[in-house]
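Working notes for the structure below.
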Amino acid sequence: MRVGESNSPASAAATTWVVSAGVFVVNLDLFIVNVAMPALGTSFHHAPLSSLSWVLNAYAIVFAALLVPAGRLADRAGHRRGFLLGLGVFTAASALCAVAPGVGWLVAARMLQAAGAAALMPTSLALLLAATPAERRTHAVRGWAAIGGIAAGLGPVLGGLLVAADWRWVFLVNLPVGAAALAVGARLLPDVRPEQRGPLPDLAGAALLTLGIGALALGLVKARDWGWSSAGVIGALAASALLAGGFLLRSARHPAPVVELPLLRVRAFAVASGASLLFAVAFAAMLLTSVLWCQQVWGYSALRTGLAIAPGPLVVPPLALATGRVVHRFGPGPVAAVGCLVFGAGTLWWATALDTGPHWAAGLLPGMLVTGLGVGLALPTLVGAAAAALPPHRFATGSAVTTMARQTGSVLGVALMVTLLGSPAGAQAALHAFRHGWTATAIAALLGAAACLLLPRPAAAAPAAAPRPAQDGLREPQRG
């Protein structure tokens, strides 16, 4: 049964604040760490981008692989325990990141951070819903989802301020927030436990997924240094394919897999998840290249970089809230496709308009605003389309799968940019490399738009979205 569940106003308010604090620092990390990348390279004896990229990719890979298993373990042990454990691990790992003496230490600490985030995120929503009265749960879910947008808007500027002092403050800022949330949460969070324990999650499958995505990223990142035909690159790509095959085999046979493969037979869900992956490739590439361009080519400080790229993220939250009526009228496919195309147009603008002279207002700003418009149209629409395609008892698992797809796309986007940018010598060589990168980003967005057009309208998708488990092969829910 559900132990300690409380819907009192005081409990709901305390839970909301504690959960919001945890979710905020996890979302914030993506943007402030991107801004810190050039400072990390300088601090670690001018480490190359191919090494520094693992600071981003290691986090995304582990988070993607552990999200579902960590949620299922929390379902067995209790959501409060899972949330507090995740927040504690994330906070302790942030301290380890801050004292990192080198890239290897920092990458390992980031992997630990990701494990904590994977435990924190699914339990945060479960706790919020348990403490919120039924009539206010829809509002609570919207607020929970909006935290990511707030973090995106504040992240670049806050990251710039912190890096201006020292890049280690990017991680130290998590400590007081995490410690306060742990102290309050241990006393006031509801103790939510499922009525029945499901089977243990497929941890071996999660390991296969982690290694498979990691091998793919390694092959892409090292392709320029080792050569596409080298034994190292071919071996990494072959290993990735074998590990992916093993992961799919385990997912088909395990009672609690990382990915329930029957979910992918629901067309709208599969298409939305695939389009989300492609769009995440473009988004991660855009975010990394914009930061590197400002600091390495234009010579901006970290703070000036944060201010320069902030207008794009700030466009997203209000636009995301306003797209509901448009989606209702035209369907998610056309709206998300337009968003992808608009996003790609923004990166193509940079490829044609930017040069080595720092012209922010006429060069960078228009593309940043246009990419922000694209994100606001595409990302929430794809997330909503994936959720709407599944019956209610599959929402938790399905949302975790779409999050995994986005994280995997982020890994591929960063790895692709590392390969395309390389280590250019001189401003003109850098301009040439970045133009290739922005063109590739636009191509990824174009592929995402094509995938979006395959999305059925909700009325057409409805019969397939909520079949009985006995008819479509979906097992009864494992999550609480």
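The values are calculated or read from the model by the stated rules, or taken from the named source; none is laboratory data. Since this is a predicted model, take the numbers as computed values, not measurements. Here Cβ is always computed from backbone atoms with ideal geometry, including for glycine, and neighbour counts include all displayed protein chains. All accessible areas refer to the heavy atoms of the entire protein, side chains included, with ligands and DNA or RNA removed. Shrake-Rupley method; radii C 1.70, N 1.55, O 1.52, S 1.80 Å.
What does the C-alpha gyration tensor say about the overall shape of the chain? Classify as rounded when a/c is under 1.5, otherwise prolate if a/b is larger than b/c, or oblate. Judged from the Cα gyration tensor, the chain comes out rounded (a/c under 1.5).
Could you tell me which of rounded, prolate or oblate describes segment 215-284, using a ≥ b ≥ c as the square roots of the eigenvalues of the alpha-carbon gyration tensor, with rounded for a/c under 1.5 and, failing that, prolate when a/b is larger than b/c and oblate otherwise?
oblate
Each peptide in 229-236, 331-338 receives the mean, over its residues, of other Cβ atoms within 10 Å, and ordering these scores from highest gives 331-338, 229-236. The relative contact order of the chain comes to 22 percent, based on Cα pairs under 8 Å that sit 6 or more residues apart.
Our summary gives segment 332-457 a relative contact order of 46 percent, counting only alpha carbon pairs under 8 angstrom and 6 or more residues apart. Surface composition of segment 6-65: carbon and sulfur make up 72 percent of the accessible area, probe 1.4 Å. Here each label is just a point 7 Å from Cα along the line to Cβ, and for S230 and A252 those points are 3.5 nm apart.
With contributions of -39500 (n - 2.57) from each DSSP H run of at least four residues, the per-residue ellipticity at 222 nm computed over the chain stands at -26500 deg cm²/dmol. Rolling a 1.4 Å probe across the protein heavy atoms gives the chain an accessible surface of 40 Å² per residue. The trypsin sites (Lys or Arg not before Pro) of segment 33-131 include none that meets both conditions, a loop assignment by DSSP and at most 16 other Cβ atoms within 10 Å of the site Cβ.
About the Cα centre of the chain, what is the dipole size in debye to 20, counting +1 per Lys and Arg Cβ and -1 per Asp and Glu Cβ, all else neutral? Could the numbers behind the result be given before it?
On the way: 29 positive and 13 negative charges, 172 e Å.
The dipole magnitude comes to about 820 debye.
In the chain, a dipole from Cβ-located charges (positive for Lys and Arg, negative for Asp and Glu) runs towards its positive end, and of L200, W54, W360 it is L200 whose Cα lies farthest in that direction. Measuring nothing but how far apart in sequence close Cα pairs (under 8 Å, 6+ apart) lie, relative to its length, segment 202-354 scores a relative contact order of 16 percent.
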